[in-house]
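Some notes on the structure that comes next.
The values are calculated or read from the model by the stated rules, or taken from the named source; none is laboratory data. These figures come from a predicted structure and were not determined experimentally. Here Cβ is always computed from backbone atoms with ideal geometry, including for glycine, and neighbour counts include all displayed protein chains.
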Amino acid sequence: MLKLVYQANPIQEPPVQEPTMSLPPTPFAATVYTSGHNLYIMEARDTSHYLTCDLTLEIEDGQHTMEPGRVVCHVPQISDELLNTYIWEDETLYAIILIQFQMKIMKELFIFCQNHYVSKLILYPDDTDSDDFGILQDFLILEEQIHNEDDGKTKMVIPTNLETYETWIEFMNEANIRFQQTLWRNQRKNSAIRHYLISHPFGQE
């Protein structure tokens, strides 16, 4: 569902004045705690949308001396029970808000990897959420970066160098512009989106 929202064709409507800059940041925070030797917990929170997700991060050393290690991340299902009530169960809003949350988590994962001098991020989405990570599959255009394991799990292999990080930031900005344009196009006929744009405290951290 989330992937379709990002790739949806523009709705043919009378021209309206649309924003040309990405959405301002929403209240989001990611805190990392040490859980054991080379083991960490990242607590991601978006208080303005009632979203939470706790990710387990494990640093694995390289096989040889001086070889960069990697981070293995198991992504559980995102806690979003209150989000649907907050946005009046609007599917478009739900998809956009959840994708933005995922993208911000991914940015924090890049930063974590860079701070710990690892070369790769191995991502295992929760089985129930693997289809919802279509936004990552759009970004990971190389087939060898996505694997189906023998146990049926999806494995995503992501380089964590500066070039990939900068490409991700550019990807986020382009996606957010499209999302904002979608909301502006639909606000006239969608009261949930109209109410959200009026009441949501964009930019208030």
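Tabulated data
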| item | result |
| --- | --- |
| Matching residues in segment 70-90 - criterion: being out of contact with any helix residue (DSSP H, G or I) (no Cβ under 9 Å at 6 or more places or on another chain), part of a strand (DSSP E or B) and either in contact (Cβ under 8 Å) with a residue 60 or more places away in the chain or over 23 Å from I169 (Cα atoms) (or both) | S79 |
| Residue count for segment 91-117, restricted to those that are under 22 Å from H74 (Cβ atoms) and part of a helix (DSSP H, G or I) | 18 |
| Candidates T160, T154 - the one that is more than 13 Å from the chain's Cα centre (by Cα), at pLDDT below 90 and among the hydroxyl-bearing types (S, T, Y) | T154 |
| Any pair with Cβ under 8 angstrom, 6 or more apart, that starts in segment 159-182 at a residue that is among the charged types (D, E, K, R) and ends at one that is in a helix (DSSP H, G or I) | R178/Y6 |
| Residue within segment 22-30 that is at pLDDT 90 or above and not in a loop (DSSP other than H, G, I, E, B) present | yes |
| Set E81, E91: member being acidic (D, E) and modelled with pLDDT under 90 | E81 |
